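Peer 1: Structure below; questions to follow.
Quick note: the coordinates plus some simple rules give every number you see, no bench work behind them. None of the values given here were measured: they were computed from a predicted structure. Reconstructed Cβ throughout: ideal geometry from the backbone, glycine too, with neighbour counts over all protein chains shown.
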Amino acid sequence: MKRTAFFISDGTGLTAEALGNSLLAQFEKIEFERITVPYIDNLDKAADAVNRINAAAETDGQNPLVFDTIVNNDIREVIGRANGFMVDIFGTFLQPLEAELKSSSSYTVGRSHAISNESNYERRIHAVNFALDNDDGARTRHYDEADLILVGASRSGKTPTCLYLALQYGVKAANYPITEEDLDDQQLPAPLRPHKEKIFGLTIEPERLATIRNERRPNSRYSSIKQCLHEVEEIELMYRRERIAFMNTTTSSVEEISTRIMVSTGLKRNR
């Protein structure tokens, strides 16, 4: 079964996507075609969005799902005329909150993704730059500035996790790949030893690691299942011997990996 889902917003659409996708994830047997339509901030754009929704309804033979975070009542009224199953995210939650808080919402477009705290925003930007500058063990001399140092086998998810932690939480995260040479004496590599308290390890199932590496270097020793199995086993032994907390990333998204790291390490979120 396949259904079309629209995420309609007068801002970036990120809130509609996040909440809508969280709900759709509960329906594993259904395949969804997801369409995001951001910046619907006037009636003409709303009418165009309605036409797209109606066209999808005609093509599919059933009404698309429409998740919207429109705050303007006139625009929301136009969207509501579409041939879709409407999920008014803000309307569902804002009105009960207004009653509970005894206060009216500002109904400000794009409020959830605006720069509400400039210092936290700047910290996130600095953290992203730090993650890029300290990727793949490039500049270990800056590790004293790091909030976190991710370690693990090459292609185990360190770089995207560092960038997500930086962008979402303002965490200065560096990453260091554990290579075959690092495993010879089964000790932490020298650049990491002074910063052991900042280290968190990632591991991954060897079969999955081999698949990922084959996309980069097909049919190489680097991507062979034998090599991947050896590295994963030795790295996990190192983690246990050095008492480094670690997690398996095989079936986890970067969002879940990051959240688990934040919980495990107790790092403060700077959003």
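Peer 1: Quick check: convex hull over the Cα atoms of the stretch 121-173, volume per residue in Å³, rounded to an integer?
Peer 2: In the stretch 121-173, the Cα convex hull volume per residue is 61 Å³.
Peer 1: Sorted by average packing, counted as other Cβ atoms within 10 angstrom per residue and highest first, what order do 25-38, 190-203 take?
Peer 2: Details: 25-38: 12.4, 190-203: 16.8.
Highest mean packing first, the order is 190-203, 25-38.
Peer 1: While we're on this one: Viscosity 1.567 mPa s, temperature 4 °C: give me the Stokes-Einstein translational D for the stretch 17-174 in µm²/s, with Rh taken as the Kirkwood radius over C-alpha pairs. Don't jump to the answer; show the numbers that get you there.
Peer 2: Details: Rh = 19.2 Å.
Answer, rounded: 68 µm²/s.
Peer 1: From the convex hull of the Cα coordinates of the stretch 1-75, what is the mean projected area in square nanometres?
Peer 2: Approximately 4.7 nm², given one-decimal rounding.
Peer 1: Evaluate the Debye formula for the stretch 215-265 with equal point scatterers sitting on the alpha carbons, no solvent, and hand back log10 of I(q)/I(0) at q = 0.14 Å⁻¹, in q order, two decimals.
Peer 2: After summing over all Cα pairs, the log10 values are -0.52.
Peer 1: Still on this structure, please answer the following. Debye sum, Cα scatterers, the stretch 113-271, no solvent: what log₁₀ I/I(0) at q = 0.14 1/Å?
Peer 2: Here log10 of I(q) over I(0) equals -0.68.
Peer 1: So if I take the centroid of the Cα atoms in the stretch 32-53 and the same for the stretch 242-271, what is the distance between those two points in Å?
Peer 2: 36
Peer 1: If you don't mind, another one. Residue by residue, what Karplus-based ³J(HN,Hα) values in Hz, rounded to whole numbers, does the stretch 31-45 have, using 6.51, -1.76 and 1.60 with θ = phi - 60° and x for Gly and Pro?
Peer 2: Rounded to whole hertz, the list is 8, 10, 8, 9, 10, 9, 10, x, 6, 8, 10, 8, 5, 5, 5.
Peer 1: Direction-averaged shadow area of the convex hull around the Cα atoms of the chain, nm²?
Peer 2: Details: hull surface 72.5 nm².
With every direction weighted equally, the projected area is 18.1 nm².
Peer 1: Residues with beta-carbon under 14 Å from that of Arg139, excluding Arg139: net charge, scoring Lys, Arg +1 and Asp, Glu -1?
Peer 2: In short, -3.
Peer 1: Of the DSSP beta bridges with both residues in the chain, give the percent that are antiparallel, rounding to the nearest 5.
Peer 2: Counting only bridges with both partners in the chain, antiparallel ones make up about 0 percent.
Peer 1: Can you spot the lysines whose alpha carbon is less than 24 Å from Lys172's alpha carbon? Ignore those fewer than 8 places along the same chain.
Peer 2: Cα-Cα hits under 24 Å: Lys158, Lys196, Lys198, Lys268.
Peer 1: Check which residues have an amide H placed less than 5 Å from Ile178's amide H, if you skip close sequence neighbours.
Peer 2: Gly152, Ala153, Ser154
Peer 1: If amide hydrogens are placed 1.01 Å from N in the peptide plane, which non-local residues have theirs closer than 5 Å to the one on Thr4?
Peer 2: Result for Thr4 returns Glu33, Leu65.
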